[in-house]
Amino acid sequence: MKRLRIGLVGCGNWGKNILRDLVSLDCEVHVVARSKESKQRARHFGATKIVASVGELSMPHGFIVATPSATHAEVIEQLIGEYPGIPIYTEKPLVIDSASAKRLARKAADTLFVMDKWRYHPGIHALRDIARKKEFGRVIGLKCTRVQWGSPHDDADCIWHLLPHDLAITQEILGSIPEPVFAKGEIVGKEATGIIGVLGSEPWVVITVSCRYPDRKREVRLFCEGAVAVLDDAYSDHIQIALSSSLNKKDSPDIITRLISTELPLKKELEAFVSFLLGGPPPKSSSAEGALTVKRISQLRKLANLG
């Protein structure tokens, strides 16, 4: 099997994890890093080569974009222009405006993909299988909660960084992202710090994201006619299923616990991209799906008067 050469654009706090896992997959990784800190990370985590600009990269088999979200459009445009036809895997969100998302999805329909790691999460797969098989009857709704205190990003507000995860989860479990019907935003000063959104009706989707919760929480609840299935943490080793047949019990519901793999989804999504570069099927989240996510975020923001 040939050794793949990957061009990694960006090596920040998350990019270093991408580099680490690419190296573990036996890829030759050439990193675009400009700051002293980024160069140090690239060296520490095993970059084959470090360059200062996209134009200095040796012709790679594929690109991964791990720069700040606000720069994605510019970086991807440059990659498409200078390296036409080379597959690009960008961190979410695809971009942070609908016009750029539509344009890029048209330009690179078959070669641009979005890294939605939650679509590779074993717990989300377990919920997806319950929904798709109708194991506990018809799906009624999906509720996603993603809250924390503060945001490590300063290029865009926390809605742009948190909401894509839950829309990707919705896509994976339900097979689509319904039209938004209601949203209420939270603003502190001039900054949007959270949003509650409702999408669709049958099934419905309710999403809460915020960077103003003292307690950090990641939870996904799938409501079916016969049960409620819950993934209550990103690092959980199980899902729990509360059976509706026990609703009349006063103390607690009848619970089914199902174990799930604790393999980290970042490596799984990188394995999917590597497999694609070697002739396998494309990874999840096409450019069209990435553009739809951006559209849905923009629609929710408009409903919430967040701009």
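FYI, it's all coordinate maths here, none of it is from the lab. All figures in this text were calculated on a predicted structure; none of them were measured in a lab. No Cβ is skipped: glycine too gets one built from the backbone with ideal geometry, and neighbour counts run over all protein chains shown.
Quick notes
- Exposure proxy ranking, count of Cβ atoms within 10 Å, fewest first, for HIS153, HIS30: HIS153, HIS30
- Listed residues HIS153, GLY307, ALA52: farthest to the positive end of the dipole of the chain (Cβ charges): ALA52
- Of the trypsin sites (Lys or Arg not before Pro) in the range 216-253, the ones in a loop by DSSP (not H, G, I, E or B) with at most 11 other beta carbons within 10 Å are LYS249, LYS250.
- Cβ screening of the chain for cysteine pairs under 4.7 Å finds these without a partner: CYS11, CYS27, CYS144, CYS224.
- Anisotropy class of the range 182-307 from Cα gyration tensor, a/c 1.5 cut: oblate
- Cα gyration tensor, the range 24-83 - rounded (a/c under 1.5), prolate or oblate: oblate
- Cα long-axis angle, helix 15-24 against the chain (0 to 90 degrees, to the nearest 10): 80 degrees
- Residue order, fewest to most beta carbons within 10 Å, for MET59, MET115: MET59, MET115
- Helix axis angle, 158-174 relative to the chain longest principal axis, alpha carbon, degrees: 70 degrees
- Positive-pole candidate from PRO68, VAL29, PRO214, dipole of the chain, charges at beta carbon: VAL29
- Nearest-20 debye value, the range 197-297 charge dipole, Cβ charges on Lys, Arg, Asp, Glu: 300 debye
- Loop GluC sites (Glu not before Pro), the range 94-187, which have at most 14 other Cβ atoms in a 10 Å radius of their Cβ (DSSP): GLU135
- The modelled label-to-label distance for the pair MET59/ASP254, using points 7 Å beyond Cα in the direction of Cβ, is 6.4 nm.
- In the range 98-150, trypsin sites (Lys or Arg not before Pro) in a DSSP loop with at most 12 other beta-carbon atoms within 10 Å: LYS134, ARG138
- Electrostatic tally near LEU303: other residues with Cβ closer than 12 Å to its Cβ, Lys and Arg +1, Asp and Glu -1, net +3.
- Prolate/oblate/rounded call for the range 198-260, Cα gyration tensor, a/c under 1.5 rounded: oblate
- Around the Cα centre of the chain, unit charges on the Cβ atoms of Lys, Arg, Asp and Glu (plus for the first two, minus for the last two) sum to a dipole of about 140 debye.
- Remark: LEU94, LEU163, LEU4 ranked as LEU4, LEU163, LEU94, counting other beta-carbon atoms within 10 Å and listing the fewest first.
- Think of the range 1-143 as having a plus end and a minus end, set by charges on the Cβ of Lys, Arg, Asp and Glu; of PRO93, GLY81, HIS121, HIS121 sits farthest toward the positive end of this dipole.
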